[in-house]
1. Is segment 261-269 home to any residue that is within 28 Å of the chain's Cα centre (by Cα) and in contact (Cβ under 8 Å) with a residue 24 or more places away in the chain?
2. Looking at the structure I just gave you, is I175 over 30 Å from G520 (Cα atoms), outside the structural domain of K446 (by TED's automatic domain parsing) and at pLDDT 90 or above?
3. Mind listing whichever residues of segment 317-335 are in contact with a Ser or Thr (Cβ under 9 Å, 6 or more places away or on another chain) and more than 28 Å from K436 (Cβ to Cβ)?
4. Taking the conditions exactly as written (touching a residue at least 12 places away in the same chain (Cβ under 8 Å), over 30 Å from E611 (Cβ atoms) and in contact with a helix residue (DSSP H, G or I) (Cβ under 9 Å, 6 or more places away or on another chain)), does F109 satisfy them or not?
5. Could you list all residues from segment 125-150 that are surrounded by fewer than 24 Cβ atoms within 10 Å (Cβ to Cβ), more than 30 Å from Y88 (Cα to Cα) and either in contact (Cβ under 8 Å) with a residue 60 or more places away in the chain or not hydrophobic (A, V, I, L, M, F, W, C) (or both)?
6. Given the condition more than 23 Å from L293 (Cα to Cα), assigned to a loop (DSSP other than H, G, I, E, B) and of a type in the set (A, V, I, L, M, F, W, C), answer yes or no: does some residue in segment 74-88 qualify?
7. Is it the case, given these coordinates, that I492 is more than 19 Å from V560 (Cα to Cα) and surrounded by 18 or more Cβ atoms within 10 Å (Cβ to Cβ)?
8. In the list I572, I595, which residue meets the criterion of being among the aliphatic types (A, V, I, L, M) and closer than 30 Å to P426 by Cβ?
Amino acid sequence: MSASEAELKINDLSSKINYHNDLYYQKSKPEISDYEFDQLLEQLNTLERQFPELKFPDSPTQRVGGTITKEFENVVHQYPMLSLGNTYSIEELKEFDARVAKGLDGDPFEYFCELKFDGVSISIIYENGFLTKAITRGDGVRGDDVTANVKTIRSIPLRISAKDIPIKFEVRGEIFLSKIAFAKLNREREDIGEETYANARNTASGSIKMQDSREVAKRKLDCYLYYLLGEAISVDTHERSIAKLEAWGFKVSPTYKKCKTIEEVKGYIDSWENERAQLPLDTDGVVIKVNNLEQQQQLGFTAKIPRWAIAFKYKAQSLSTRLNNIAYQVGRTGAITPVAELEPIQLAGTTVKRASLHNANEISRLDLRVGDYVFVEKGGEIIPKVTSVDVSQRKSDSIPVDYITRCPECGTELVRVEGEANHYCPNDKGCPPQIKGKIEHFIQRKAMDIDSLGEKTIAQLFELNLIKTPADLYDLTKEDLTKLDGFKELSINNLLSGIEKSKQVPFESVLFAIGIRYVGKTVAEKLAKHFKTMDALMAANYEALLAAPEVGEKIAQSVVAFFNNEENKKEIERLKNAGLQMESSRQEPEKLSNILDAKTFVISGVFQKYERDQLKDVIIANGGKVLSSISGKLNYLLAGENMGPAKLEKAEKLGVKIISEEEFDGMLAGHSAS
């Protein structure tokens with residue numbers, strides 16, 4: 001493909017992606033599937049890697065990340081991001097109203113009310129319509145530059161094309177993880193044996209400061225904008241500035257309201273106290289602002305807070321109910337999760353019968369006893385949690401909870417790995433929930449994608465002794481499936497067709513599906529790309545695994561242990577014989593030049609400009625070869641920051657030329673590194 005052809009294709013793809021992105025995130029009317037959208041993005045990404053000079057500053061590929069930031073630059077805010085005064089009391093709110101009236105010398109005024117979202121404050125600067133900088137709140141005077149990470153949030157425009165925008169302006173908002181995105185993230189972590197996150201707000205905060213923007217993109221962060229700043233913005237009220245944000249394409253929560261009196265403000269607060277539980281994200285209060293901007297200036301500021309705004313905080317609803325029992329659930333990885341079984345109560349608009357207890361440490365901290373009256377909160381949690389015990393109602397003969405020592409499903413003695421909070425059942429080949437969980441993991445959309453097979457059908461097949469491992473699925477016959485309740489000719493054919501179709505699922509999905517602990521979808525993709533075949537991965541030792549992108553000690557140890565298990569090897573062989581894809585079908589990058597012909601490289605460390613996978617593509621596209629280990633025949637060790645000292649020592653000992661990222665770019669430009 002020529003550069004002119006590539007430019008036309010890039011323009012076309014960018015236009016399509018921006019169109020569908022707007023439909024999905026701003027208008028909530030998607031026309032294509034997530035998969036089709038991702039395919040468009042991947043096509044654009046591939047073209048931009050081959051023709052980097054054609055990449056636009058607002059390219060949609062920035063949504064998928066790729067920038068590595070080891071240290072976030074500290075930036076001074078042009079307009080300080082001040083805190084707000086808080087109150088939990090309507091009386092104090094009326095006192096605030098009286099102070100505003102006095103400060104305005106009796107002139108009429110009105111309020112603008114917005115829900116206070118439980119997220120991470122962000123300041124975003126646009127110049128000539130382009131997003132140029134995104135800064136965290138920090139201490140209010142200065143914050144961290146997280147621009148690369150914020151660009152991955154698809155609801156935040158990379159470019160504003162409206163005609164009435166100033167040359168430079170600033171918007172402020174709240175970055176958050178929706179309840180659905182947070183629950184999905186925790187399910188994925190639980191699925192691969194990782195500890196789950198405690199709450200959405202802290203997870204969003206940690207996500208926005210991750211070093212790899214590609215990982216940030218996968219978190220599905222979102223953002224509501226609520227403030228417009230700048231020297232050439234022709235608005236006289238906060239209400240009109242919000243209208244401008246909406247007109248320019250920013251995502252604004254439609255929950256705001258203009259109120260003429262403090263009584264109307266109270267009505268707004270009351271109306272949302274329970275209704276907010278139905279929103280897609282967590283809220284913890286209401287922000288009340290004087291609407292007129294000139295009046296805001298007249299009221300001014302104290303040393304720390306504006307006099308024209310205040311936050312009313314809802315008290316976290318906490319109710320007491322009886323702890324009837326503690327149930328213990330067994331997950332796919334064998335992790336044991338204790339769950340409080342409660343006397344049903346109405347909490348934040350829903351009936352609560354169960355609440356999370358997390359692990360043995362939490363039960364010990366609370367000093368729980370069955371029969372206790374416990375306080376339960378929803379707060380920022382997806383699942384209600386027990387926060388404390390009402391000791392005043394405790395019976396004198398109550399007995400502290402003894403955490404179980406054997407699996408509640410199969411009776412195997414539990415184990416607890418040093419440094420981990422959870423107990424585990426090690427009987428992964430004989431414990432029913434683990435067996436069924438592994439098959440449920442295997443058939444999910446991100447894995448083998450057998451959509452005609454569900455949890456209930458798997459349970460039936462297991463009870464009929466027709467499946468014990470994922471490989472058994474490929475031995476199922478029509479006769480077997482006639483034994484299932486409710487299965488007729490059509491449903492039997494659909495299931496067999498779905499199983500047969502799964503044989504075409506790519507290798508990286510198969511690798512994720514087999515359920516190696518700590519190997520999520522991303523790591524599976526990296527391993528598949530690095531090793532290319534299942535046989536090569538199975539033969540890899542600990543050191544070879546550490547050389548792969550995204551693989552640390554914990555993952556490397558888990559992969560080695562998995563393939564050292566004879567039963568796992570037999571399972572892989574059965575899947576291979578069934579016809580599953582055991583080799584990567586990923587195409588090598590298009591050849592761009594011969595400038596690196598006959599040159600070999602080992603890549604190690606973290607780089608400013610490239611991801612390691614991108615470096616590999618660039619080397620191959622320019623005629624070079626990437627090796628996995630250092631030997632005397634190697635030409636170059638391409639060294640980034642934080643590379644392993646053992647590699648460096650070996651390269652120096654063997655006299656291998658060590659080059660930096662800058663020297664590598666010089667080689668591509670035709671300058672010798674020797």
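1. Taking segment 261-269 and keeping what is within 28 Å of the chain's Cα centre (by Cα), we get none.
Scanning segment 261-269, I find no residue that is within 28 Å of the chain's Cα centre (by Cα) and in contact (Cβ under 8 Å) with a residue 24 or more places away in the chain, so the answer is no.
2. The answer is no for I175.
3. Listed by number, the list holds a single entry, S318.
4. Values: touching a residue at least 12 places away in the same chain (Cβ under 8 Å): yes; over 30 Å from E611 (Cβ atoms): yes; in contact with a helix residue (DSSP H, G or I) (Cβ under 9 Å, 6 or more places away or on another chain): yes.
Taking the combined requirement at face value, the residue satisfies it.
5. Across segment 125-150, the qualifying residues are Y126, E127, N128, G129, F130, L131, T132, K133, D144, D145, T147, A148.
6. no
7. On the way: more than 19 Å from V560 (Cα to Cα): yes; surrounded by 18 or more Cβ atoms within 10 Å (Cβ to Cβ): yes.
Spelling it out, I492 is indeed more than 19 Å from V560 (Cα to Cα) and surrounded by 18 or more Cβ atoms within 10 Å (Cβ to Cβ).
8. On the way: I595 fails: closer than 30 Å to P426 by Cβ.
Sole residue among the options that is among the aliphatic types (A, V, I, L, M) and closer than 30 Å to P426 by Cβ: I572.
The values are calculated or read from the model by the stated rules, or taken from the named source; none is laboratory data. Keep in mind it's a predicted model, so treat the numbers as computed, not measured. Counting neighbours? That spans all protein chains shown, and the Cβs are built from the backbone with ideal geometry, glycine included.
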